[in-house]
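Before any comments, here is the structure.
Bear in mind these aren't lab numbers, they're just calculated from the coordinates by the rules spelled out. Owing to the predicted nature of the structure, the values given are computational and were not obtained by experimental measurement. When we count neighbours, we look across all protein chains shown, and the Cβ atoms used for this are built from the backbone with ideal geometry, even at glycine.
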Amino acid sequence: MADQLATGSRRGLKPALPLLLPAYLWLTVAIFLPLSAMVFFSFMTDLPLAEKEWAFTLGNYTAFFSQGLYLTLLLASLRLGLEVTLWCVVIGYPAAYVLAKVLKGRSREAIFLLIILPFWSNGLVRIFSWAMVLREGGILDTTLNAVLPFKINIDLMYSYPAVIIGLVHSYVPYMVLTCYLTLQAIDDSLIEAGRSLGASRFQVLKRVIIPLSMPGLIAGAALIFVPVVGSFMEPRILGGRTGTFYGTIIEDQFVAVFNWPLGAALSFILLAVVLIILALAAPVLRRAG
Amino acid sequence: MATTRILEWLGRFYIFLLLAFLYLPIIIMALMSFNASPFYQLPFEWTTDWYASLWQNDQLIAATWNSIEIAVITTFISTVLGSMASLALYRYEFRGKKLLQALLFPPIAIPWLITGTAMLIFFFGIGIGRGLVAILLGHVALALPYVIVVVSARLQTFAPELEEAARSLGANQWQVTHRVTLPWIMPGVIAGGLFAFAVSFDQFVVSYFLSTPGQTTLPVEIYAAIRKGFTPEINAVSTIIIVVSMALMLLTARFFKFGGEK
């Protein structure tokens, strides 16, 4: 769509170059060359720094496949990504529907902004705020014990559910956003037509609304799944000892163990997984775009 | 009809629950930053001591200045370079344009963990190493695609005939850009700039891998503090950050309606 509107009033790369070069050079130096360097380093025994001996090796990759730990953690991260994505669909889709089809005018605009706002605020701080709520003797614990007649001990902090809650909180606005955009585009008359032809609400939802909003669901799922698989800060803060995932292992290689070549290989494997997922989602995304 | 009414009210109630889920933890954190007990004990007792003690924490203050400095420079560089690139992508037709547009996608879509570690390796390899320069290089690269997307979206609403008209009236390329195009896309440029500031000011992952003990940003400093143990001081500084970043986005929304009514 953008391309038809973009009025390339004039042809030729030459006059465009001076305007384009600075931005794309910067992206090359800070994004594309580093990604290439990472691939290169992942095949090394050591960093070619400070006169250290180094040679080419496949060892970093064989380590991934021979030591079950890395594969297990990657699977754990993929599972985490799947669970968080599913929760985001369950929580976010109905909200997007209400926003697109029930609310109108200014209240819709205001609530849309309110839902999107936290998404664009500091992620680290939002995860930290959950630590306040979930810890033993924290707000959730205190409130529930004040309300309930019996004593219960809520200590969700440093557990798998805590990580899920924090991540869903971080990413659910994404799902609301993408689903809202596709739901809003569905013509109300289609829904009315379905209803007047005798379909129940549920049938209309299943046969009309969900299929038509599928691109938004897929886009949201891809945009949530990918960063969650690579998350490390959230599991560290909310998961404690149970929060060891693929992302935290990569972090360790760079800030604790200092095995950069292995870290590079693990990062590259993650990148490959991410690219495969994005490629699978791409046809749907293109149709939606 | 009655069922529709009930369903609509259920829907509204559901939205209210979602908003509560999104905002309660943040509100609780903010409240706790005004609570006297360092162990977050209730009953609530009002104090501003934690904010006062922030001023004594030189490390946090230094990191805050670094964050602001880097965010301001990032905003300036990425807005200028990004607007230039958007103009070129709008004005000219050439082979490989689709590719250039597609290349904006990886910095946004690839998890920051991967980009961050890749930058660390590369910057170390070419001798830049870690520190504020490396962080700035990274932040600008992360902010650029957002600026280009936002400014390009604004350009879509621009009528190219205006440029043609100005040209036929004898304006040169610089005058056309300066007097006709720029004023029109200004709201987009400002929104892009605010986006860039937010991307940089809130950035944690990439900064984390590129920082060294003396040269860090506020989120990195907060992460280190959280891992050492919770204190109301972190709540205080976190509350300040969240208020700043939300205010920024509200400001952005004023200049640029993202996703809302078309």
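Within the range A:97-132, restricting attention to residues that are under 24 Å from B:F195 (Cβ atoms) and of a type in the set (F, W, Y), the residue that is farthest from the other protein chains (Cβ to nearest Cβ) is A:F119. When the helices (runs of 4 or more DSSP H) confined to the range A:185-289 are screened for residues that are within 30 Å of A:A63 (Cα to Cα), those reaching at least 1 such residues are found at A:210-229, A:246-255, A:260-288.
Scanning the range A:82-108 for residues that are aromatic (F, W, Y) and under 24 Å from A:P227 (Cβ atoms) yields A:W87, A:Y93. Of B:L137, B:L218, all but one fail to be surrounded by 15 or more Cβ atoms within 10 Å (Cβ to Cβ) and closer than 18 Å to B:A85 by Cα; the exception is B:L137.
Just one of the listed residues (B:A118, B:A159, B:A191, B:A196) is within 11 Å of another protein chain (Cβ to nearest Cβ), within 22 Å of the chain's Cα centre (by Cα) and small (G, A, S), and it is B:A118. Listed conditions (1) farther than 27 Å from A:V39 by Cβ; (2) more than 7 Å from chain A (Cβ to nearest Cβ); (3) surrounded by 15 or more Cβ atoms within 10 Å (Cβ to Cβ) are all met by B:M84, apart from (2). Selection of the range A:232-289 for residues being surrounded by 20 or more Cβ atoms within 10 Å (Cβ to Cβ) and free of Cβ contacts under 8 Å to residues at least 12 places away in the same chain yields only A:F254.
For the range A:24-117, the helices (runs of 4 or more DSSP H) that sit wholly inside it and include 1 or more residues that are under 24 Å from B:E8 (Cα atoms) are A:68-97, A:105-116.
Taking first residues from the range B:204-226 that are within 9 Å of chain A (Cβ to nearest Cβ) and partners that are among the acidic types (D, E), the Cβ contacts under 9 Å between residues at least 6 apart in sequence or on separate chains come to B:Y208/A:E251; B:F209/A:E251; B:P219/B:D202.
The set of residues in the range A:64-96 that are within 15 Å of A:P173 (Cβ to Cβ), surrounded by 14 or more Cβ atoms within 10 Å (Cβ to Cβ) and within 14 Å of chain B (Cβ to nearest Cβ) comprises A:V84, A:W87, A:C88, A:V89, A:I91, A:G92, A:Y93, A:P94, A:A95, A:A96.
When you look at B:R130, is it outside any helix (DSSP H, G or I), within 23 Å of B:T75 (Cα to Cα) and either more than 12 Å from chain A (Cβ to nearest Cβ) or touching a residue at least 12 places away in the same chain (Cβ under 8 Å) (or both), yes or no? The answer is yes for B:R130.
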